[in-house]
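First comes the structure, then the notes that go with it.
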Amino acid sequence: MTANQEIDSILQRGADGGRITPEEALLLYTDAPFHALGEAADAVRRRRHPDGIVTYLIDRNINYTNVCVTACKFCAFYRAPKHSEGWSHPMEEILHRCGEAVDLGATQVMLQGGHHPDYGVDYYETLFSSVKQAYPQLAIHSIGPSEILHMAKVSGVSIEEAVLRIKAAGLDSIAGAGAEMLPDRPRKAIAPLKESGARWLEVMAVAHRNGLSSTATMMMGTGETNAERIEHIRMIRDVQDLAVANGYTDSAVEAEGSVGGFRAFIPWTYQAENNHLKGRTQATTLEYLRFIAVSRLFFDNVSHLQASWLTTGKDVGQLALHLGVDDLGSIMLEENVISSAGARHRSNLHELIWMIRTAGRIPAQRDTLYRHLAVHTTPADDPTDDRVVSHFSSTAMPGGGAGRTELPLVDVS
């Protein structure tokens with residue numbers, strides 16, 4: 001209970017699973033007392049996930065090229081076509097990195113890269129089918145709507161044809177990449193050459209209709225207003241309403257008794273190094289945590305909420321577990337894009353499990369579709385592989401490098 005009856009009523013309705021409006025979400029974000037807001041969000045988590053489990057994933061982000069024509073102002077990773085520092089990995093190198101990931105227990109790869117001017121649908125068909133043939137046990141959770149629009153344009157085909165072809169080639173799930181900020185004003189300010197937020201969501205709707213579920217993301221801290229942050233999640237929720245109403249599923253999600261569409265929402269904070277924005281992150285820790293809680297209350301139709309310890313830090317990631325979060329994301333064996341912009345947070349498997357357990361939750365390794373692969377009910381159930389560390393091969397982090405024969409433990413202190 002708070003001193004404001006209107007806020008009390010909204011918090012109670014949201015905690016009970018009722019729908020709150022964008023206007024009400026904005027009021028909670030700006031005015032609700034922090035502890036009351038967090039308590040209501042955690043009530044949603046407990047109702048949705050009464051087993052007390054918080055999940056994690058082992059995966060690898062493999063970038064096939066840094067050549068890109070989009071030139072987003074917040075990106076430190078891309079190089080323009082014909083730039084001397086531009087590169088594209090041969091298929092042999094991509095498969096080598098997939099093999100390293102499998103050896104370390106990864107169940108998923110994220111294949112992501114720039115909008116290369118020569119890469120159409122056929123490139124991605126070859127990429128996905130080659131990975132699937134060599135490592136059928138790996139789920140390919142990759143690319144985003146921006147890449148799909150780009151490949152369709154290069155190949156001169158429709159969005160739907162592009163989606164169907166890359167799904168047939170082996171794509172299992174679409175990442176929330178490229179969302180950044182969906183409302184028009186902030187999106188044009190940071191990525192003027194990219195598609196509109198409405199167009200981004202249109203591609204997601206096409207994917208959902210054709211049996212590919214996905215995640216949704218948001219980048220906070222590039223100068224957007226509080227109202228624009230709420231508008232971002234409103235746009236996503238509307239598209240998810242369509243998926244729920246039409247029963248769009250992929251077969252694996254359906255087997256779990258859940259709707260497809262967006263499986264999870266993942267907000268993260270802008271990293272300010274080595275890019276054209278050159279600004280300090282506008283989203284403070286408190287703003288991020290408040291938004292996490294509001295998102296859990298607002299998304300009555302999205303199952304999972306993930307904290308971004310990579311951009312906010314492990315202490316903030318752990319605190320988010322008390323504000324509605326049920327997933328801590330991945331021990332990313334490789335990550336170059338956000339790290340290139342200044343994200344320096346690293347972890348290892350043992351520490352991630354410790355973060356979950358000391359928050360009073362039960363750690364569990366999951367797969368791409370949030371199915372539990374191993375539940376660590378007690379410390380005796382914990383994995384023992386000391387090699388599973390984040391960023392062991394990142395070119396953007398000190399000490400990184402692909403193809404190591406020995407993978408030393410990271411000093412996570």
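All of (1) charged (D, E, K, R); (2) modelled with pLDDT of 85 or more; (3) more than 21 Å from the chain's Cα centre (by Cα); (4) surrounded by 15 or more Cβ atoms within 10 Å (Cβ to Cβ) hold for R79 with one exception: (2). Exactly one residue out of D103, D122 is under 30 Å from P192 (Cα atoms) and of a type in the set (D, E, K, R): that is D122.
Residues in the stretch 141-190 that are polar (S, T, N, Q), within 19 Å of D59 (Cβ to Cβ) and free of Cβ contacts under 8 Å to residues at least 40 places away in the same chain: S142 only. Note on the stretch 41-58: residues that are more than 23 Å from K314 (Cα to Cα) and touching a Leu at 6+ places or on another chain (Cβ under 7 Å) total 0. For the stretch 132-149, a residue qualifies if it is closer than 29 Å to L305 by Cβ and either more than 20 Å from the chain's Cα centre (by Cα) or charged (D, E, K, R) (or both), and the qualifying residues are Q137, E147.
Considering every residue within the stretch 49-67, establish whether at least one is surrounded by fewer than 18 Cβ atoms within 10 Å (Cβ to Cβ) and either without any contact (Cβ under 8 Å) to a residue 60 or more places away in the chain or not in a loop (DSSP other than H, G, I, E, B) (or both). Yes, because at least one residue in the stretch 49-67 is surrounded by fewer than 18 Cβ atoms within 10 Å (Cβ to Cβ) and either without any contact (Cβ under 8 Å) to a residue 60 or more places away in the chain or not in a loop (DSSP other than H, G, I, E, B) (or both). Note on the stretch 18-69: residues that are over 23 Å from L310 (Cα atoms) and aliphatic (A, V, I, L, M) total 13. Pairing each residue of the stretch 77-104 that is free of Cβ contacts under 8 Å to residues at least 12 places away in the same chain and charged (D, E, K, R) with any residue that is surrounded by 17 or more Cβ atoms within 10 Å (Cβ to Cβ) and outside any loop (DSSP other than H, G, I, E, B), provided the two are 6+ apart or on different chains, yields C-beta distances under 9 Å for K82/V67. Being among the β-branched types (V, I, T), in contact with a helix residue (DSSP H, G or I) (Cβ under 8 Å, 6 or more places away or on another chain), modelled with pLDDT under 80 and crowded, with 19+ Cβ neighbours inside 10 Å, is that true of even one residue in the stretch 326-335? Yes, the conditions are met somewhere in the stretch 326-335. Of the helices (runs of 4 or more DSSP H) lying entirely inside the stretch 129-206, those containing at least 2 residues that are buried (at least 19 other Cβ atoms within 10 Å of the Cβ) and in contact with a Phe, Trp or Tyr (Cβ under 8 Å, 6 or more places away or on another chain) are 145-155, 159-169. Number of residues in the stretch 15-31 that are outside any helix (DSSP H, G or I) and without any contact (Cβ under 8 Å) to a residue 60 or more places away in the chain equals 2. Return yes when D31 is among the acidic types (D, E) and surrounded by 13 or more Cβ atoms within 10 Å (Cβ to Cβ) and no when it is not. Answer is no for this residue. Within the stretch 165-180, the set of residues being touching a helix residue (DSSP H, G or I) at 6+ places or on another chain (Cβ under 6 Å) and either hydroxyl-bearing (S, T, Y) or at positive phi (or both) comprises G170, G178. Only a single item in (1) in contact (Cβ under 8 Å) with a residue 40 or more places away in the chain; (2) touching a Leu at 6+ places or on another chain (Cβ under 9 Å) is not met by A205, and it is number (1).
The values are calculated or read from the model by the stated rules, or taken from the named source; none is laboratory data. Computed from a predicted structure; not experimentally measured. Note: ideal-geometry Cβ built from the backbone for every residue, glycine included; neighbour counts use all protein chains shown.
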